[in-house]
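Working notes, structure below.
The values are calculated or read from the model by the stated rules, or taken from the named source; none is laboratory data. The model shown is predicted, which means the values in this text are computed figures rather than measured ones. So basically every Cβ, Gly included, is an ideal-geometry build from the backbone, and we count neighbours across all protein chains shown. Heads up: the accessible areas ignore ligands, DNA and RNA and are worked out on the full protein's heavy atoms, side chains in. Shrake-Rupley method; radii C 1.70, N 1.55, O 1.52, S 1.80 Å.
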Amino acid sequence: MKKDIFVCMVFSIALCTSLSAEAIGVIAHRGNWKVAGATQNTIKSLQAADSINCYASEFDVWLTRDKQMVVYHDENVYPTQCKVQYANYEKDIANIRLTNGDKIPFLSAYLDAATKLNTRLVFELKVHFNDVNEREAVRKGIEMLKEKGLYDKTDFITFSQNALKEFIRVTAGERPVYYLRGDLTPAQLKEMGAAGIDYNTKVLRKNPQWIEECHQLGMKVNIWTVDKPEDIQWSIDNNVDYITTNVPSLVKEMLKKNNIHED
Ligand code: MG
């Protein structure tokens with residue numbers, strides 16, 4: 001009898017552990033860019049994210065003045081300091097070389113490379129000064145993803161509430177849209193139609209209850225940019241759904257040590 005109770009307890013513990021250990025997706029922040037020959041937001045960093053089987057690779061998108069969609073992070077092009085959203089591609093961007101020697105990629109070329117890979121995409125639209133241009137960038141980005149057959153494997157993120165609303169309106173529930181800025185509650189975002197929060201480590205460590213709130217509302221939690229082992233462990237322990245990181249190999253290693261499956 002005692003043995004039966006013991007066996008029952010072991011099974012219960014095993015069941016609870018397997019139920020609580022939800023899978024976590026590893027998202028390479030601006031690609032897996034720390035590998036040789038790559039740098040942030042390049043096709044090489046996207047391919048490197050795919051080569052280590054990241055759940056997804058994140059990248060940043062701007063619309064230039066002459067209506068070109070380009071993949072780049074900063075507001076100003078280095079080293080000329082020309083604002084990307086005011087740039088003319090041929091005049092201000094075409095001759096720029098990134099630290100690995102690549103040109104700033106057109107979104108179109110970046111997506112063409114993605115069509116040959118398994119990794120999913122996290123498309124961040126940067127905050128543009130002009131709301132109308134920003135909404136146009138949302139529509140152009142989605143149109144391009146659909147043309148390339150990548151729409152169904154792309155999630156959308158943004159710091160801009162204007163872009164957030166446009167993403168939600170255009171995707172109409174077909175694709176997840178997450179908000180980055182950290183100043184809205186899960187309930188407010190649910191009301192707007194967002195899929196969840198994609199908040200900074202500091203924001204979530206200050207408001208850990210938002211993780212549970214999201215889950216109760218049927219929403220997901222992505223956390224960025226999680227590079228330190230203690231923050232990675234905190235994210236694992238607090239049941240986030242996705243970890244966005246500059247060190248995807250380390251996150252993968254720590255998930256394995258914690259017996260957490262990858263999404
Ligand atoms: Mg980004």
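Remarks
- Every condition in (1) surrounded by fewer than 17 Cβ atoms within 10 Å (Cβ to Cβ); (2) touching an Asp or Glu at 6+ places or on another chain (Cβ under 9 Å) holds for GLN188 except the one numbered (2).
- Count of residues meeting criterion [more than 16 Å from the ligand (Cβ to nearest atom), of a type in the set (Lys, Arg) and in contact (Cβ under 8 Å) with a residue 40 or more places away in the chain] in region 125-147: 1
- Any hit, region 227-239, residues being crowded, with 20+ Cβ neighbours inside 10 Å, modelled with pLDDT of 95 or more and aromatic (Phe, Trp, Tyr): no
- The residue of region 24-42 that is farthest from the chain's Cα centre (by Cα), among those that are of a type in the set (S, T, N, Q) and open to solvent by 10 Å² or more (accessible area, probe 1.4 Å), is THR39.
- Residue count for region 37-53 satisfying the condition of being farther than 15 Å from PHE123 by Cα, assigned to a loop (DSSP other than H, G, I, E, B) and of a type outside the set (Ser, Thr, Tyr): 4.
- Listed by first and then second residue, the pairs with beta-carbon distance under 8 Å, at least 6 apart or on different chains, first residue in region 174-192 and more than 23 Å from ASP152 (Cα to Cα) and at pLDDT 95 or above, second within 16 Å of the ligand (Cβ to nearest atom) and among the acidic types (Asp, Glu), form an empty list.
- Within the option set ASN162, ASN200, being surrounded by fewer than 18 Cβ atoms within 10 Å (Cβ to Cβ) and within 16 Å of the ligand (Cβ to nearest atom) holds for one residue only, ASN200.
- Unmet requirement for TYR178, which otherwise passes all of (1) away from the ligand (no atom under 15 Å from the Cβ); (2) open to solvent by less than 30 Å² (accessible area, probe 1.4 Å): (1)
- Scanning region 43-83 for residues that are open to solvent by less than 10 Å² (accessible area, probe 1.4 Å) and within 14 Å of the ligand (Cβ to nearest atom) yields a total of 12.
- Residue count for region 84-97 under the criterion of being open to solvent by 40 Å² or more (accessible area, probe 1.4 Å) and part of a helix (DSSP H, G or I): the result is 3.
- LYS34 vs. criteria outside any strand (DSSP E or B), within 16 Å of the ligand (Cβ to nearest atom) and within 17 Å of SER249 (Cβ to Cβ): yes
- Among the residues of this structure, THR39 does not count as one that is among the hydroxyl-bearing types (Ser, Thr, Tyr), touching a residue at least 12 places away in the same chain (Cβ under 8 Å) and away from the ligand (no atom under 16 Å from the Cβ).
- Within region 150-157, the presence of a residue that is polar (S, T, N, Q), free of Cβ contacts under 8 Å to residues at least 60 places away in the same chain and farther than 30 Å from ALA48 by Cβ is excluded.
- Meets criteria (more than 21 Å from THR245 (Cα to Cα), open to solvent by 60 Å² or more (accessible area, probe 1.4 Å) and modelled with pLDDT of 95 or more) for ASN118: no
- Residue that is nearest to the chain's Cα centre (by Cα) [pool: residues in region 124-143 that are hydrophobic (A, V, I, L, M, F, W, C) and open to solvent by less than 40 Å² (accessible area, probe 1.4 Å)]: LEU125
- Inter-residue pairs, beta-carbon under 7 Å, first assigned to a loop (DSSP other than H, G, I, E, B) and in region 59-83, second within 11 Å of the ligand (Cβ to nearest atom) and of a type in the set (Lys, Arg), 6+ apart: HIS73/ARG30
- Residue satisfying all of: in region 98-115; polar (S, T, N, Q) and free of Cβ contacts under 8 Å to residues at least 60 places away in the same chain; most open to solvent (accessible area, probe 1.4 Å) among these: THR115
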